[in-house]
Each structure stands twice: as structure tokens, then as C-alpha cells.
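Just below is one structure, and these are the notes that go with it.
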Amino acid sequence: MRTPTGVEAHDDQQVNAQQGEWLTTSGGVRLRETDKSLKAGERGPTLLQDHHLREKITHFDHERIPERVVHARGAGAHGTFKAYGGAETVTSAGFLAEGRETPVFVRFSTVLGSRGSADTARDTRGFATKFYTEEGNFDLVGNNIPVFFIQDGIKFPDVIHAGKPHPDREIPQAQSAHDTFWDFVSLHTEAQHHTMWNMSDRGLPRSYRMMEGFGVHTFRLVNAAGETSLAKFHWKPKLGVHGLLWEESQMLGGFDPDFHRRDLADAIETGAYPEWELGIQVFPDTPEQTYAGIDLLDPTKLVPEEIAPVQKIGRMVLDRNPSNYFAETEQVAFHVGNLVPGVDVTDDALMQARLFSYVDTQLTRLGGPNFNQIPVNRPHAPVNDMLRDGFHQDAVHRGVAPYHPNSLDAGCPFMAGDPQGAFVDNPVRVPETVKQRAQPASFDDHFSQARLFWLSMTPVEKQHIIAAYSFELGKVYEPAIRERQLQCLANVDADLCEGVATSLGLPTPSPTVELADPEPSPALSMLGGSYPPDGRVVGIVAGPESTSDQVDGVRTALSGAGITPLLIAPTGAPVGGELPVQRTFATARSVEYDALVVADGAGAIDSDPHLLLLIEEVFRHGKALLAWGDGVEAVATAGIAVPAPGVNALESGAEVAAELPDLLAAHRSWERFTLS
């Protein structure tokens, strides 16, 4: 079998890449000229017979495919999932058998922005995983937020149209701080729970490596005995769940709009491979399909981990970047209906609509029905689908009978049964009823879980949520929309509503519903815990009098701890005449770093405004700030008292390297700030 580049297919991607040292046509004919078109004389008109010109221009004219309507801005990576075992009691899925290793491709994305938008906009993030299992592809297509805006897929065009730029001006791009979004969510109040998550620091992840992932929906699991359970999928990141500050997000939109995709690619390239554990919450498959009074078919609701613990069933490591963004990250096609034996869907009305939508959209985006033949989408299991022809058909089918049953091709392909691992459509009993456009009464509660989320936040997280609502609603033009959303917040919590109303200069409304009294869920907070510093970026400021041996010692020690050090200096001249400089004062800003170290020798430049701004921003953003020698003078000149939470003056670079990993483990020093 030949690849599209004319060589025998091979497992090695390098072998499958473009071949040969000569420029050729797409048919493999070598070319002697590609800078001049074929003309009637050197000054004459171009000739229609110039087949190379026509091929080159035609392909260029069509090299852009429609971007995704949602999740257009994305980044991807390859990796491996290894199952721990323990899931066999609830599912027969082969890829979850103990010790089984399965290749994966993961795509992270924003929802609202176009392909050219910034990574760091406040938004929900997609977290989609394609498992290339031995039983066929399984796609877990979820988000970094466990609930969704809507309960029924028929509303999906509405919420996306409301969140997208206004159709008259095509602004604002990649953000929800505008009238149409808040008009929709204040009227369609089932969106309030998801909106609360978006207004929290979950809407501004520090990196894709530090996001949780959720399958959102409730799935039905089936074990080898045919017994069923209901379950929700969770991805838990090794590095913990961390966010950007709003100011950092705004700054990065200008300084580095590719921040998240760069962070992911750089971490993999340097060996700081991102890791997540896959977990499941398991519930009895009762006729009511509820748990602890929570409707499991309502995608705007979650089940707190305190009452349904997440059981860890496997570990995913991403260790290879894509070779080509378009071929892999852009053309990967996910589908909620890509299921394997042992995993089935439920009657969640949002999930049911997604089962239709994902295939339908690929027909336009990827040019026809054969999108699963694109390399990144190809299953790692035998395919004999009897599907034929169509755009981009790359398979060379044999036989004369692409239909079933047949006798001309010896009856092949045959139907599989249970011993052959066939997928089983679980025979779930459907109650006798009538056709109707309706939903259960349990779906009418739109505020209690938004209140649960709010009550589970720490004071600093609550402060950020109030600030986010204040900014977003402050960008809304119509007073009636602001007032209506304040009423929604009043139905969540009085302190939340009062904080936002005060910021907007509006009166605080009273609730129109009885406020729920849920038990807070600490698992919903992003703060607390201690996590490894793998792949964190630390800036080391060196001055003209810094010595290369001490600075290099700090760099080496940090690198050994899995941290990426970047050397910052006033100019690009090597520090101490030896050490290369990665950033100058003209190119360095605080948002790129998780911590800052000011080296001995920087005291000579302690009045440089670039350095003072860098130090002040790092302090203001709650990041670790360490110094030794006369580097302490620069910190003092910036008006920062030493010591303070996360700020310290040490005797040597060796002490800095020893203390910094522990400070990074908590991500930020929130105790530095006094909260009102």
C-alpha cells in the first residue's frame, strides 16, 4: 500500500512524509521551474496549457477548509493511555482492562473564538480525547467544565449564536462580554450554572496541562455479564487545576496570543509530559436515573465528588507533538457516537442531539463522508464497513458485493456476536408514553447548583467571580439585560449579587426563589493541595555584575527539578560572557513566568523601569519572588517588603533553587493579599 506521498506505508511518520529531493507535481513528475508561468513569449500572455500553474493555484485556492463553528481555536498532542484495572466490574470495554495501553490523540480548544483568536480569552475549553482502541475508536468529547449551558441540544444553535460576535459588526471576538450573550443567559436561566463556572478562574486556565476534563454527560456502562451502571467521566491533571488572573489573560492576549498552545508544545518538547488520571463516578442504573436527588440526564447538573467519589481507572500521558497542525489537529474528527463495547449513551437530550451533529458537521468541514480515512482519524482496528466511493475515498476496495447479505463474496463480511466483541445496543426499557416537546420537572431547578458552586469557593475565588461578572456586565449596553442578570444572581446568592450590583452602580434586587441550602463541595475549588512543578517557567533576572557560575547553578538545579528557567538580562549579551540570554528587558513580561528570581548582580540596575515593572507585576499577580545578594535591592526599590508570603531574600542561588519548587507547588501566594 502506498502513502499519499508515493512510498510504501510505514509506521515511522518520517518515512510517510513527503519524499525525494526534487520538486514534483502531485502526480510525482519532476519540475524544472516553479517561479515563472508558461507564456507566449517572455512578455506574452500566460497559456492555459501550463498544468503546473493550474495545479499550484487551484490547490492554493482550496487549501483552506471551513473552520469549526465552535472549538475552532485548538491545540493537540499524541500520547498513551494505560488502564489501572478496576473498571471491569462496571464495563467490558477492552481498553480499560488492567495494564492495557492505548494510543490517544487529544485536542484542547476554546469554544467561541475563530482560529485566529487568542488562547487566553475567558471561555470554556474543549477537552476531546480519541482512544485508538483494539475494538475501534472511542471518543470522549468533553470540556474543562462538568456542566453545560443548555439541557436540550435543540438550544445549541441559540447559545452559540448568542455567544458569537454580533452579526452586524462581527465584534467582539472570542468573548462573552456583550449584550447578546447576557441577553440569552439571563432569559434562559438554565445557563446560569455553567456561566458561574465560566466567570470563575476555570474560565482562564493557566495552561491546558492544568485543566480538569469532564465527559459532561452521564454514560451507561455495561459489564461482561450485561449488567449496567450509569457513570460520569473525569480527567484529573497531575499538575493540579490552576488559572490565570484576568489581568494576565488580557496582557497575554497582546504579548502572546498563542500562550496555551505554545505552553503545551514546549512542555512536551522539553520532556515535561502532561499527565491526567481518568476517573469515573458510578451510579446505580435505576429507572429514575437520579442520584441523591440529582437528575443524571440533566447536563446542567453535577454530582459532588463528596457524595460520589471519583474512582481512578487509568493514566494518560501526552508525549508527542503533531508533525503537522493541519493534517492532525485541524482535521481530527471527533464524534460522541464513536463508542466501544461496554460504553453506551443515555437519553440525555443534549447528548442525543450531539450524536447527530458531529457526523453532520464533518461532511462540510472535511469534504465528504470519508473523513475517517484521514490518517489522524483512522482506527487502529480492522475496518470492513461496506461503505463505498464518495469524496476523498482513499481505500481500494475489492470484491464485487458491497452489500449484505451476499453470496458472491463468500458472504463476507460476517456479523459478529458476543464472543467476537460486537457492540451491543443495550436493551433499555422505554416507558410507554406519548410524543411531546417537554422535559421533566427536575430540569426546572436552575439556581441551586450555581449556589452550590458559589458556596464552595474560597474568598479569593469569590472575589474573582464578582470581578468577572462586573466586567462582563459592565460591557453590556442595554440596562434591562444588566438588571435581569442581577436578578439571576440574586437567586444564587445575596453577597454575590450585592458585590456585582455595587460595581455596576445598580440597586441589589431581592431573590424571587427560595435559596437552596446545599452542603459545599470542596472539590469544586481550584485552591488547596500541592502539585509538582513540572514544566513551570521561572524567569531569572541577571545584571551586568552577575557571575555566570552562580546563575548557571540556579538554572541547572531548577532544570533538574523539572522547571524551565529563562535567563533575563538588560540586553542579549551573554551573562558573565558565557550564559545565553533567552529574554531581554524589551521582550520579558511577568505573564510568561510562574515565578521570578532576581540574582546577585542585579542591584546595579535596580532603578531600571523595565525591571521594576517586572518585579511589581510578579508580586501583584501572587507569584513567587526570590532574590539573593544585591538582587534584594531591586525588590526593595520596587516597593515590596521582604519577607512576605511567597517573597524571600536568601543567601545564595543554591538556597533559591532549593526553596522555589515548594512555592510553585501551590501555584500562587494568595495569602499575600488582604481580602475584604
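The values are calculated or read from the model by the stated rules, or taken from the named source; none is laboratory data. Quick caveat, the model's predicted, so the values are computed rather than measured. Backbone-built Cβ (ideal geometry, glycine too); neighbour counts: all protein chains shown. Calculation scope for accessible area: heavy atoms of the full protein, side chains included, ligands and nucleic acids excluded. Shrake-Rupley method; radii C 1.70, N 1.55, O 1.52, S 1.80 Å.
For V541, the residues 5 or more places off, or on other chains, whose built amide H falls under 5 Å of its own are I568, V597, V598, A599.
The local environment of T346, defined by Cβ-Cβ distances under 10 Å, has a net charge of -3 under the rule Lys, Arg +1 and Asp, Glu -1.
Placing +1 on the Cβ of every Lys and Arg and -1 on the Cβ of every Asp and Glu, with no other charges, gives the chain a dipole of roughly 1660 debye about its Cα centre.
Among the protein heavy atoms, those of Y208 account for about 0 Å² of accessible surface (1.4 Å probe, every chain in place).
The Cα atoms of the chain cover 87, 80, 55 Å along the three principal axes, with the biggest extent listed first. Shape analysis of the stretch 390-484 based on the Cα gyration tensor places the equivalent ellipsoid semi-axes at 56, 24, 18 Å, largest first.
So, for the stretch 545-676, what is the accessible surface per residue at a probe of 1.4 Å, expressed in square angstrom?
Heavy-atom accessible area per residue stands at 40 Å².
The spacing between the stretch 501-525 and the stretch 13-82, judged by their C-alpha centroids, is 56 Å. Backbone geometry of the stretch 649-656 corresponds, through the Karplus equation with coefficients 6.51, -1.76 and 1.60 at θ = phi - 60°, to 3J(HN,Hα) couplings of 10, 10, 7, 7, x, 5, 5, 4 Hz, x marking Gly and Pro.
Using R0 = 30 Å, the C-beta based FRET efficiency linking R64 and T34 works out to 0.90.
Of V551, L527, L244, which is farthest towards the positive pole of the chain's charge dipole, taken about the Cα centre with +1 and -1 on the beta-carbons of Lys, Arg and Asp, Glu respectively? It is L244, whose Cα lies furthest towards the positive end.
Shape verdict for the stretch 472-544, please, from the Cα gyration tensor: rounded (a/c under 1.5), prolate (a/b greater than b/c) or oblate. Oblate. Taking the DSSP beta bridges with both ends in the chain, the antiparallel portion is around 75 percent.
Note on the chain: dipole from Cβ charges, positive end direction compared against V492, F219, P165; the farthest Cα belongs to P165.
For the stretch 359-514, relative contact order (Cα pairs under 8 Å, six or more residues apart, normalised by length) works out to 12 percent. Shape class for the stretch 125-275: oblate, because the ratio a/c of the largest to smallest gyration tensor axis (alpha-carbon atoms, square roots of eigenvalues) is 1.5 or more and b/c is at least a/b.
Within the full protein context, the accessible area of H78 is estimated at about 20 Å² for a probe radius of 1.4 Å. Keeping the other protein chains in place, figure out the carbon and sulfur percent of the accessible area of the chain, with a 1.4 Å probe. Reported share for carbon and sulfur atoms: 54 percent.
Our summary gives the stretch 78-149 a relative contact order of 26 percent, counting only alpha carbon pairs under 8 angstrom and 6 or more residues apart.
Kirkwood analysis of the Cα pair distances in the stretch 451-576 returns a hydrodynamic radius of 18.7 Å. Find out how many positive minus negative residues lie around R668, taking Lys and Arg as positive, Asp and Glu as negative, among other residues whose Cβ is under 14 Å from that of R668. Counting the neighbours of R668, the net charge comes to -3.
In the stretch 524-676 the Cα-Cα distances spread across 5 Å bins starting at 0 as 2, 10, 21, 25, 22, 12, 5, 2, 1, 0 percent of all pairs. Other residues with beta-carbon under 9 Å from the beta-carbon of V424 carry, at +1 per Lys or Arg and -1 per Asp or Glu, a net charge of -3.
Computed from backbone phi with θ = phi - 60° and the Karplus coefficients 6.51, -1.76 and 1.60, the 3J(HN,Hα) list for the stretch 509-522 is x, 8, x, 9, 10, 6, 6, 6, 10, x, 6, x, 10, x Hz; x is used for glycine and proline. In order along the stretch 279-285, the phi-based Karplus estimate (6.51 cos²θ - 1.76 cosθ + 1.60, θ = phi - 60°) of 3J(HN,Hα) comes to x, 9, 9, 10, 10, x, 8 Hz; Gly and Pro are listed as x. With 26 Å as the limit on Cα-Cα distance, the pairs of K164/K475; K130/K236; K155/K312; K232/K475 that go past it are K155/K312; K232/K475. When nucleic acids and ligands are ignored and a 1.4 Å probe is applied, I171 ends up with an accessible area of around 90 Å².
So if R0 is 35 Å, what FRET efficiency would R169 and V428 give, r being the distance between their Cβ atoms, rounded to the nearest 0.05? That pair, R169 with V428, gives E of 0.15. Using the Cβ-Cβ distance between E288 and S323 with R0 set to 56 Å, the FRET efficiency works out to roughly 0.70.
Figure note: C412, C488 ranked by solvent-accessible area, largest first, 1.4 Å probe, ligands and nucleic acids not counted: C412, C488. Spacing of the modelled spin labels on E277 and S652, each 7 Å from Cα toward Cβ, amounts to 3.8 nm.
P(r) tail, the stretch 265-367: Cα-Cα pairs separated by more than 25 Å, 45% of all pairs.
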